[in-house]
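Read the structure below first, then the notes.
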Amino acid sequence: MKIPLKYTIRNLGTRRLTTGITVLGIALVVFVFSAVLMMAYGVQKTLIATGSDENVLVARKAANGEISSIIDRQTANVILTLPHIAKTPEGKPISSGEPVVIINLNKLTGGLSNVTVRGVSQQVFTLRPHVKLKEGRMFNWGSRELITGVAIEKRFAGSKIGEVVRFAGDNWTIVGLFDAGGSGFDSEMWGDADQLLDAFNRSAYSTITFRLDQPEVFQEFKAAFDKEPRLQQFEPKIERRYFEEQSELMAGFISILGIFITVIFSAGSTIGAMITMYAAVANRTVEVGTLRALGFRRRSVLAAFLTESLLLSLIGGLIGLFFASFLQFFTISTLNFGSFSELAFSFALSPTIVSSSLLFALLMGLLGGFLPSVRAARLNIVNALRSS
Amino acid sequence: MKVFKLIFKNALRHKLRTALTILAISIAVMAFGLLRTVVTAWYAGVEASAANRLISRQAVSFIFPLPYSYRDQIAKLPGVEQVTYMNWFQGVYIDKNQFFARMAVDAETIFDVYPEFVLDADQLQTFKRERNSCVVGADLAKQYKFKIGDIIQIEGDIYPGVWQFVVRGIYRPRDKTTDATQMFFHWQYLDERVRQESPERAGNVGWYIIRIADPAQSGAISNQIDGLFKNSRAETKTETERAFQQGFIAAAGAIITAMNFMSFVIIGIIMLVVGNTMIMSARERTREFAVFKTLGFSAGHLVGLILGESMLISALGAGLGLFFTFPFVAGFAAAVPKGFFPIFNVEPSTIILAVSSALVVGFVASIFPIQRALTTRIVDGLRHIG
Amino acid sequence: MEPIIRVQDVSKSYWRDSFEIPVLNNISFEVPSGEFLALMGPSGSGKTTLLNLIAGIDRPDRGTINVAGTDIVALNESRLASWRATHVGFIFQFYNLIPVLTAYENVELPLLLTSLSKRERREHVETALTVVGLKDRMRHYPKQLSGGQEQRVAIARAITTDPTLLVADEPTGDLDKHSADEILTLLERLNLEFKKTIVMVTHDPRAAEKAHIIRHLDKGELQQN
């Protein structure tokens, strides 16, 4: 029979200061732990939202990102003759050949950073219906105008409607503001693909994206693509998958570094929990002796102290997670290693993050509480009763 | 002083607790050391930058090239000693997780402008002579076991195709902050092939590095260079090497902020652990403190006892932590993807910060128990059961 | 009457560093069922050790102890724990109530080791608290009770499982005269009215008076009366 839970709970309440300090230590670690995971997941979520499952993006195989990919116009035309590419009622392929370049703009917080400028083709809004013009107007095809994503407008100087950005020897007027629903496109500026190619004196796109007539034909399409000898250096990917891969380096870096650091942090809090639990055992030696004399077994005593430690860490975990969940209201931006340009994203919480943070907290409780609980369970009844 | 003996005896009263607390502090000091080292590693480029070097790059972004023809125009300016250039080649070596820098450079001038890359004269001569040769940094050579005569094969991405380079030199770093993880090869070798395969991209370099005679003139010369190309298709932005490097750091600002935040969190956690220990010890000794007071010991003595114990524990923890920081940081450097941090050293400032944080922790952790010991009335203290 | 406790040739020593300190030296005695026995003797005479052995919280180096037909020396640790739970009620000098549990919950504690339902447990606890006269204080925590009341709760805890044997180690040692008298009267009543066998360690002659038999221990030997 086990020692009642209320015994455990009330004991936590008796020495509030020590319990509070230990809980706070665990809460801090869990806060950092979940914040790191939320950050990595935020990057991932933003980039996954960028791509669509129905679109296919073609890039050069060896390219690390869109800016290092090159697809010349002839190749683009070869690609667009492949089967299964969706067409408009007028018979034009729903596609966008896109030069992607990076320009420097001044951050409002000071310093320069990289901003992606994407040249798009006429079908782009059919291709990416989640991108909506929010203010101003669409740029005129054939003129040096840009529309800017909401995340860029918030963070960079000179990116408001009516302002002028200077690059490639020309002035580009910002005429509109678009909202891409929290995806990576929010951190971009868009202009006419042909205008950008002309301005940069280039003849090749970076990537080309198009819609498939049915999403499930991708494998079939890929087979046709791979068979085409002129396309051997290129690779088609589901657009969503492509952008997801673009997040891997960054998300991986954040989570590896973050987890590495929090694991070290957790050693501090685990030791804190251990000290607290050893003190709890020392203070309640007579109680343990009494319980044992009454007929409670060693393992009941072990369970009671272990539960106390787990409860302590669970409370800490919940507090840490509670405060971390407020981070969801924050959007931050940093240089994405995958695209070499600024990416705005929000901290994002997922059920996996919640459960792994709580598990992490419980693990600290378990590790911190185990040895003290064993000590409690191994106390000799007679000596325990005699100590005071 | 007799008090010291008492402090020692008190610290040893709960040997396990004291040991655990010291362990917790030492782990925190290690974590702190690692975090600061990561932050300083980010700044390594700034530290390594020379005052007499300017970087001139495309004004829009450094990913855009500058015409090769700018070189002679820049070289003619008064105060300019030497002009060299680089081109970021990137490409994939083995797989996409090998990050070391691969640069197309001007073999004739690169080692003049960068004296911190130390290359033997005969190796330099061979490198200059053979078009498809390359020079790698000593750290890089050690990591990938490159030897003179090896062929390095790289799959190009910005410059498509398979590229092969013969190792003809291994440069050594002159300073601790010198990056010895780069690979340099002939820009001419790159340009010839680009000219054949995509002629519109030929004749371009990534950025110019300009050695000037007088660092005080850097502002004026920068303005002159930018003025030369004003209103051209490729305007330049010229700044000191230091400013250029700082630009990179500003871009990674969010991560550095996060690291700084975390290093405060670890100090916070450790303050809680040490504070908890001191509060426990003081509570258990409430009665003893009352006895001390009865015997006529002053408040100062009690403060000395508690503060002394707290400081002793913190100092021991800090010492132990520092001792293990070095192997720990080395272990981390081995664990991160190769080439992520070319320079990864524990800086003296990191050590000073870690030690002073630990001492602050020791001080802060004793405040509450001291306050408690001083305010408890003797009669209550004597009645206290631990 | 059949003896309920039979102690035979029991010896026990403690080790302090490398010194062997003999505590009990070849002790044999019997306690008949329903008896009220007081063990007396100076400090260090081994009386508490003897009590602990009979109660099954300590083990002898040599000899056998049979309580209510069970050879408790032969029991393994977990069997011994269940044996204590059903057969022994403990009363300590410092009451040893669990400070975070109410009087009710303290008394209920040993019942958690039985298979009784919640309602049955409630009945047992209320009965026990009624016997000690503290039913109205069952929601109170130990620190809200006086020493005498705490000891009465402890007695309620000891009798709530209806054990074969009550063991009391200096039950009045920490109490004023008035409270001590109350406790002794209560123990006497438990012995007479409820037929509980009681073994009590004490050095208080007034406490010993209430017992039927007084045995003296000195230097680990039982004195002949």
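The values are calculated or read from the model by the stated rules, or taken from the named source; none is laboratory data. All values reported here derive from a predicted model rather than from experimental measurement. Cβ coordinates were reconstructed from backbone atoms using ideal geometry, including for glycine residues, and neighbour counts include every protein chain displayed.
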Selection over region B:64-90 where residues are within 14 Å of chain A (Cβ to nearest Cβ) and more than 19 Å from B:N231 (Cα to Cα) yields a count of 4
With the requirement that a residue be in contact with a Phe, Trp or Tyr (Cβ under 6 Å, 6 or more places away or on another chain), closer than 23 Å to B:M259 by Cβ and more than 12 Å from every other protein chain (Cβ to nearest Cβ), what does region A:230-267 give you?
none
Among the numbered criteria (1) surrounded by fewer than 21 Cβ atoms within 10 Å (Cβ to Cβ); (2) more than 14 Å from chain A (Cβ to nearest Cβ); (3) not in a helix (DSSP H, G or I), which one does C:D136 miss?
(3)
Residues in region B:183-197: is at least one assigned to a loop (DSSP other than H, G, I, E, B), out of contact with any strand residue (DSSP E or B) (no Cβ under 8 Å at 6 or more places or on another chain), away from every other protein chain (no Cβ under 14 Å) and surrounded by fewer than 18 Cβ atoms within 10 Å (Cβ to Cβ)?
no
Please verify whether A:T270 is over 27 Å from A:L47 (Cα atoms), polar (S, T, N, Q), surrounded by 23 or more Cβ atoms within 10 Å (Cβ to Cβ) and facing another protein chain (nearest Cβ under 10 Å), treating the condition exactly as stated.
yes
In contact (Cβ under 8 Å) with a residue 60 or more places away in the chain, over 27 Å from B:W88 (Cβ atoms), within 14 Å of chain C (Cβ to nearest Cβ) and not hydroxyl-bearing (S, T, Y): which single residue out of A:I3, A:I48 fits that description?
A:I3
Within region B:276-293, can one find any residue that is under 30 Å from the mean Cα position of the chain (by Cα), at pLDDT 85 or above and within 13 Å of chain A (Cβ to nearest Cβ)?
no
Only unsatisfied item for A:F322, checking (1) without any contact (Cβ under 8 Å) to a residue 40 or more places away in the chain; (2) surrounded by fewer than 24 Cβ atoms within 10 Å (Cβ to Cβ); (3) more than 19 Å from A:G365 (Cα to Cα), is (3)
Considering only region B:79-108, state which residues are crowded, with 22+ Cβ neighbours inside 10 Å and among the aromatic types (F, W, Y).
B:Y85, B:F89
Give the residues of region A:334-348 that are in a loop (DSSP other than H, G, I, E, B) and more than 10 Å from every other protein chain (Cβ to nearest Cβ), sorted by residue number.
A:G338, A:S339, A:F347, A:A348
Flag if A:K87 is more than 30 Å from the chain's Cα centre (by Cα), more than 14 Å from every other protein chain (Cβ to nearest Cβ), closer than 21 Å to A:G51 by Cα and basic (K, R):
yes
Checking the structure you have, find out if any residue of region A:290-299 is modelled with pLDDT of 90 or more, within 10 Å of another protein chain (Cβ to nearest Cβ), surrounded by fewer than 17 Cβ atoms within 10 Å (Cβ to Cβ) and outside any strand (DSSP E or B).
yes
Scanning region C:151-177 residue by residue, those of a type in the set (D, E) and either buried (at least 24 other Cβ atoms within 10 Å of the Cβ) or part of a strand (DSSP E or B) (or both) turn out to be C:D169
Give the residue that is farthest from the chain's Cα centre (by Cα), with candidates limited to residues of region B:136-163 that are part of a loop (DSSP other than H, G, I, E, B) and modelled with pLDDT of 90 or more.
B:G149
Quick check on my filter: what residues within region B:113-149 are acidic (D, E) and over 30 Å from B:P199 (Cα atoms)?
B:E116, B:D120, B:D122, B:D139
Complete set of residues in region B:247-275 that are more than 8 Å from chain A (Cβ to nearest Cβ) and either surrounded by 18 or more Cβ atoms within 10 Å (Cβ to Cβ) or within 15 Å of the chain's Cα centre (by Cα) (or both)
B:F248, B:I249, B:I256, B:T257, B:M259, B:N260, B:S263, B:I267, B:M271, B:V274
Does region B:121-132 contain any residue that is touching a residue at least 12 places away in the same chain (Cβ under 8 Å), surrounded by fewer than 20 Cβ atoms within 10 Å (Cβ to Cβ), more than 14 Å from chain A (Cβ to nearest Cβ) and closer than 29 Å to A:F167 by Cα?
no
Surrounded by 21 or more Cβ atoms within 10 Å (Cβ to Cβ), assigned to a helix (DSSP H, G or I), on the phi < 0 side of the Ramachandran plot and at pLDDT 90 or above: which single residue out of B:S222, B:S218 fits that description?
B:S222
Could you list all residues from region C:53-75 that are within 11 Å of chain A (Cβ to nearest Cβ) and without any contact (Cβ under 8 Å) to a residue 60 or more places away in the chain?
C:L53, C:G56, C:I57, C:D58, C:R59
I need the full set of residues from region A:66-84 which are of a type in the set (A, V, I, L, M) and either at positive phi or assigned to a helix (DSSP H, G or I) (or both), in order please.
A:I67, A:A76, A:V78, A:I79, A:L80
Does A:D53 count as at pLDDT 90 or above, surrounded by fewer than 22 Cβ atoms within 10 Å (Cβ to Cβ), touching a strand residue (DSSP E or B) at 6+ places or on another chain (Cβ under 7 Å) and not assigned by TED's automatic domain parsing to the domain that holds A:Q328?
yes
Spot the failing condition for A:N106; the list is (1) under 22 Å from A:S203 (Cα atoms); (2) exposed (fewer than 15 other Cβ atoms within 10 Å of the Cβ); (3) within 14 Å of chain B (Cβ to nearest Cβ), and only one is missed.
(1)
For the subset of region A:193-208 comprising residues that are at pLDDT below 90 and among the polar types (S, T, N, Q), which member is nearest to A:S95 (Cα to Cα)?
A:S203
For region B:147-173, give me the residue count where each residue is closer than 22 Å to B:D106 by Cβ and more than 14 Å from chain A (Cβ to nearest Cβ).
12
When region B:273-307 is checked residue by residue, the ones that are outside any helix (DSSP H, G or I) and either closer than 12 Å to B:G381 by Cβ or of a type in the set (D, E, K, R) (or both) are B:R285
In region A:59-87, anything among the β-branched types (V, I, T) and buried (at least 24 other Cβ atoms within 10 Å of the Cβ) is listed as A:I70, A:I71
Any chance region C:193-201 includes a residue that's aliphatic (A, V, I, L, M) and in contact with a Pro (Cβ under 8 Å, 6 or more places away or on another chain)?
yes
